[in-house]
Amino acid sequence: MSVPVLTAPHAHAHASVRGVMLTVWLALLPASTYGLWLFGWPALNLLLVTCAFALLGEALSLRIAGRPLRPYLTDGSALLTAWLLAMSLPPWAPWWIGAVGGLFAVVVGKHVFGGLGQNLFNPAMLARVALLISFPLEMTQWANPAPLGSAQAPGFMDGLLITFGGHPAIDSVTGASILGHIKTELSRGHEVAAALAGNFDRLDAAVGGMRGSLAETSAGLLLLGGLFLIARRVIGWQIPLGLLGSVALFSGIAHLVDPGRFADPLVHLLSGGLMLGAFFIATDPVGSPASRLGQFLFGAGCGALVFAIRTWGGYPEGVAFAVLLMNAATPLIDHYVRPRIYGRRRDGAPLEVKRKGASQ
Amino acid sequence: MRLFRFKGGVHPDEHKGPTSDLAVRPLPLPVRLHVPMQQHIGVPAKPSVKIGQRVLKGQVIGEPDVGLSVAVHAPTSGTVLAVDDVTAPHPSGLSTLAVVIEPDGEERWCDVVVPIDPFQIEPEVIAGKVGAAGIVGMGGAAFPSAVKLNLGLSKPIHTLVINGAECEPYLTADDRLMRERADGVIDGIRIMQHALGAGTAHVAIEDNKPAAQKAMRAAAEPYPAIRIVGVPTRYPMGSEKQMIQTVTGLEVPAGQLSAAVGVLVHNVATAYAVHQAIRFGRPLVSRIVTVSGGAIAAPANLEVPFGTRVQDLIDHCGGYREEPARLVLGGPMMGVALAHTDIPVVKGSNGVLALTADEIANARPPHACIRCGQCSNVCPLGLLPLEMAARIRAGKSEAAADFGLADCIGCGSCAYVCPAHIPLTQYFNFAKGELAAKREAKRKGEYTRQLAQARRERLEREQREKKEKMAARKRAAAQKKAAETQQEAGQ
């Protein structure tokens, strides 16, 4: 008899790319479900449109590249990208924001670079930034929370109207995000504390009752999902800790120096896309360093940039920009920061021959 | 005793249950033995028997050649039928020279050397006897053991580490050896300790083998210099560098042998072979082989004479329960996939596995690398397999070497966990081969250049010498002529 000759190892841990994507998606599910409940039908419409167009872009790109459709369409990578993008969009944004974003993320963000695993930048964040720069109005209209079943929640038909029909009354039910509000108030000469008064409740921010992106509102649920990913060893603790740690550190120092101008660390940690970014965006392995030390540096760099952009930049939120900038720095980090190899020093030279008289 | 942790590692399903409680049974002599002349790392032995010649068990049938080489002995008594090529137990499936013996069934040993007290003789003599007995590392690497024992003469060895980890799934050959022949193993360890002048011997046994630990502890009881150390069950615990690190905390510098830090590692089966060779004068002619895997009807641990075909082992185990998806010689993590079963068992073969489709890595086409980093998390050397593979894929083996390719021990942990099913080990083996070929080509080119240079210099020298000779002759002729003219003028 004859069997195909294949190289060792002959056993496998039975892990798969789809399994990895599925685990990340599961970790996102609590925050996503909460966001969908909080913002109702229009949010669900936007999510579905984004996913559909991302899949369309994936299929087209694979076709053009002459790659097999099935294994890549079903590996969950395009869906996860679209999901993450939708999570970071204003929940009542019109359908074409999701459509353009989904297509852009997959086609320009991923396939132009050579497909899965080849992209330099995080596709979801690339699309989000492209949308923000191109359509600043639509991308900064934050719907008031209107949980499904509540009086102010739009019905199914209203939802369709909001997403697909350009709801005329949308202005009356939207407002600025807390970070945007702080920025505006500061520019008007008010202090941070005054801006926060009556607009920001820490518990509310942790649970997620604030205006914000679709699934960025609940810092607590995102943290939970992130810890699940760390426990399942899908991501390391280095990037989240580096990112959250440096945001807390820099904002803490600034707040101590001038509490009137700089919001305290908790405001930073609980608002905007920070939790989503720290656990789900910056940790995307494709655009982050390979070594653990490199990952920590990457996270810390993201955090420093987030603080800098939020504080001095033109935009109230900086997670997407920060991640993209650090994505660009990843090849550099990878070049200089490598793990120490057994039997070698960190610089790659062999260890000195040390002789012990006897082992312990 | 304090243990140290090596980086990374994996926990593959053990699958040791089917054979760990099966006592070693001798395999009945097969109809023919195809004994390869190369069962070790290095230069093949030279056949020293003629076709038709009668041989006795333990008689030398292959003399060690010059260089790194060891003798090969007749695994049983019988007649030499042929000296011919057989398929080698190697991934290439190339052929190798073998002596074919038809057993006479009498199992008659040749005259053995009178036993002597090994502790009264010089270390060199012990190493010499171990070499003459054809003993090689039996954990799979098959490096001639005498060479390693001789290292004790040139470098002080303070610790002898004995590898009883048996970290490969399915295999229980070493487990059974330690449980059934602990006294022999301990005696072999004492002899090697004496040969090396090693003060301490640590026998590292993974914690999933409590019975072996107990048996070895009992046998080592009278010898305080030998310690039985329970080590965590983690692949690749049995790899030399990882085992040294676990037991002693020492790290072997890159490019050095473990002797550089005063430590040597030998396998438990090697220790037992040393015991047999020194105490009874019996050369290495058989070993314990685990026959297992989901496709084997009746898994077993068998004492197998070298040169027995894999098919004979499978037949003895009742054949297949179902059609195997893959046949492996060795363990599933580092073993060699066999193209067919007409392949002889050799000194380094610790297992024959017939694996079902469920048991093997499903041979689906590799997906794109998502840089998840699992490979570098599990790499016991701290390498970045994903970065090396990306470069090798792009045809840049040199760039991969810059990431430490040469330090890769080929344990396969990276490929085992890769969610994209990328055959990383194959990439690395390919690139290592390519780099070796390039080095060789460079060396040859350099040699050719030297030869050309030497030829040019020789030609130039000859030309010069010719010219000088010619000039000298001309001068001589001119002088002669002048002299003649003078003479003529004088007359």
Selection within the range A:311-323 - modelled with pLDDT of 90 or more and open to solvent by less than 20 Å² (accessible area, probe 1.4 Å): A:319, A:320, A:322, A:323
Qualifying positions in the range A:178-195 - among the basic types (Lys, Arg) and in a loop (DSSP other than H, G, I, E, B): A:188
Failed condition for residue A:177, given (1) modelled with pLDDT under 80; (2) more than 22 Å from the chain's Cα centre (by Cα): (2)
Odd one out for residue B:43, checked against (1) modelled with pLDDT under 90; (2) assigned to a strand (DSSP E or B); (3) touching an Asp or Glu at 6+ places or on another chain (Cβ under 7 Å): (2)
Of all residues making up the range B:70-100, the number that are open to solvent by less than 20 Å² (accessible area, probe 1.4 Å) and either more than 27 Å from residue A:8 (Cα to Cα) or touching a Gly at 6+ places or on another chain (Cβ under 8 Å) (or both): 13
Within the range B:396-407, considering residues that are within 22 Å of residue B:141 (Cβ to Cβ) and not acidic (Asp, Glu), the one surrounded by the most Cβ atoms within 10 Å (Cβ to Cβ): B:404
Matching residues, the range B:346-369, being surrounded by fewer than 22 Cβ atoms within 10 Å (Cβ to Cβ) and farther than 17 Å from residue B:91 by Cβ: B:356, B:357, B:358, B:362, B:364, B:365, B:366, B:367, B:368
Filter result (touching a Leu at 6+ places or on another chain (Cβ under 9 Å), open to solvent by 10 Å² or more (accessible area, probe 1.4 Å) and more than 7 Å from chain A (Cβ to nearest Cβ)) within the range B:375-388: B:375
Conditions (1) in contact (Cβ under 8 Å) with a residue 40 or more places away in the chain; (2) over 19 Å from residue A:212 (Cα atoms); (3) among the small types (Gly, Ala, Ser); number of the one not met by residue A:149: (1)
Residues of the range A:9-68 classified as away from every other protein chain (no Cβ under 14 Å) and open to solvent by less than 50 Å² (accessible area, probe 1.4 Å), total: 21
Index of the failed condition, residue B:174 passing every other in (1) open to solvent by 10 Å² or more (accessible area, probe 1.4 Å); (2) in contact with a Phe, Trp or Tyr (Cβ under 8 Å, 6 or more places away or on another chain); (3) not β-branched (Val, Ile, Thr): (2)
Failed criterion for residue B:155 (all others in (1) touching a helix residue (DSSP H, G or I) at 6+ places or on another chain (Cβ under 6 Å); (2) open to solvent by 10 Å² or more (accessible area, probe 1.4 Å); (3) away from chain A (no Cβ under 14 Å); (4) basic (Lys, Arg) hold): (3)
Test result for residue B:369, over 29 Å from the mean Cα position of the chain (by Cα) and closer than 18 Å to residue A:7 by Cβ: yes
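Condition check ((1) away from every other protein chain (no Cβ under 13 Å); (2) under 24 Å from residue B:72 (Cα atoms); (3) crowded, with 21+ Cβ neighbours inside 10 Å; (4) touching a Phe, Trp or Tyr at 6+ places or on another chain (Cβ under 8 Å)) across all residues:
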| residue | (1), (2), (3), (4) |
| --- | --- |
| B:286 | yes, yes, yes, yes |
| B:289 | yes, yes, yes, no |
| B:297 | yes, no, no, yes |
| B:308 | yes, yes, yes, no |
| B:313 | yes, yes, yes, no |
| B:321 | yes, no, no, no |
| B:324 | no, no, yes, no |
| B:327 | no, no, yes, no |
| B:333 | no, no, yes, yes |
Index of the failed condition, residue B:245 passing every other in (1) within 13 Å of another protein chain (Cβ to nearest Cβ); (2) open to solvent by less than 10 Å² (accessible area, probe 1.4 Å): (2)
Search result, residues across the range B:177-200 that are crowded, with 24+ Cβ neighbours inside 10 Å and within 14 Å of chain A (Cβ to nearest Cβ): B:196
Some residue of the range B:341-356 being at negative phi, assigned to a loop (DSSP other than H, G, I, E, B) and at the interface with chain A (Cβ under 8 Å from one of its Cβ atoms): yes
Residue check for residue B:411: under 18 Å from residue B:91 (Cα atoms), among the hydrophobic types (A, V, I, L, M, F, W, C) and modelled with pLDDT of 90 or more: yes
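This table checks each residue for (1) crowded, with 16+ Cβ neighbours inside 10 Å; (2) in contact (Cβ under 8 Å) with a residue 60 or more places away in the chain; (3) out of contact with any Gly (no Cβ under 6 Å at 6 or more places or on another chain); (4) in a helix (DSSP H, G or I).
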| position | (1), (2), (3), (4) |
| --- | --- |
| B:409 | yes, yes, yes, no |
| B:414 | yes, no, yes, yes |
| B:419 | yes, no, yes, no |
| B:425 | yes, no, no, yes |
| B:428 | yes, no, yes, yes |
| B:432 | yes, no, yes, yes |
| B:435 | yes, no, yes, yes |
| B:440 | no, no, yes, yes |
| B:444 | no, no, yes, yes |
Conditions (1) more than 25 Å from residue A:315 (Cα to Cα); (2) open to solvent by 60 Å² or more (accessible area, probe 1.4 Å); (3) within 14 Å of chain B (Cβ to nearest Cβ): number failed by residue A:112: (3)
Among (1) in contact with a helix residue (DSSP H, G or I) (Cβ under 8 Å, 6 or more places away or on another chain); (2) under 23 Å from residue A:199 (Cβ atoms); (3) open to solvent by 10 Å² or more (accessible area, probe 1.4 Å), the one test that residue A:143 misses: (3)
Single condition residue A:75 does not satisfy, out of (1) outside any helix (DSSP H, G or I); (2) at pLDDT 90 or above; (3) open to solvent by 20 Å² or more (accessible area, probe 1.4 Å); (4) not β-branched (Val, Ile, Thr): (3)
Residue in the range B:179-200 that is part of a strand (DSSP E or B) and of a type in the set (Val, Ile, Thr) present: yes
Any pair with Cβ under 7 angstrom, 6 or more apart, that starts in the range B:86-109 at a residue that is within 14 Å of chain A (Cβ to nearest Cβ) and ends at one that is hydroxyl-bearing (Ser, Thr, Tyr) and surrounded by fewer than 15 Cβ atoms within 10 Å (Cβ to Cβ): B:87/B:95; B:88/B:95
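Regarding the range A:56-65, can at least one residue be identified that is assigned to a loop (DSSP other than H, G, I, E, B), without any contact (Cβ under 8 Å) to a residue 24 or more places away in the chain and over 30 Å from residue B:324 (Cα atoms)?
Taking the range A:56-65 as the starting set, the residues that turn out to be assigned to a loop (DSSP other than H, G, I, E, B) are none.
Checked the range A:56-65: no residue is assigned to a loop (DSSP other than H, G, I, E, B), without any contact (Cβ under 8 Å) to a residue 24 or more places away in the chain and over 30 Å from residue B:324 (Cα atoms).
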Any strands (runs of 3 or more DSSP E) falling wholly within the range B:225-335 and containing at least 1 residues that are touching a Pro at 6+ places or on another chain (Cβ under 9 Å) and β-branched (Val, Ile, Thr): B:286-292, B:300-305
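The values are calculated or read from the model by the stated rules, or taken from the named source; none is laboratory data. Everything numeric here is computed off the predicted structure, so don't read it as measured data. Please note: Cβ atoms are built from the backbone with ideal geometry, for glycine as well, and neighbour counts cover all protein chains shown. Keep in mind that these areas ignore ligands, DNA and RNA; they rest on the heavy atoms of the full protein, side chains included. Shrake-Rupley method; radii C 1.70, N 1.55, O 1.52, S 1.80 Å.
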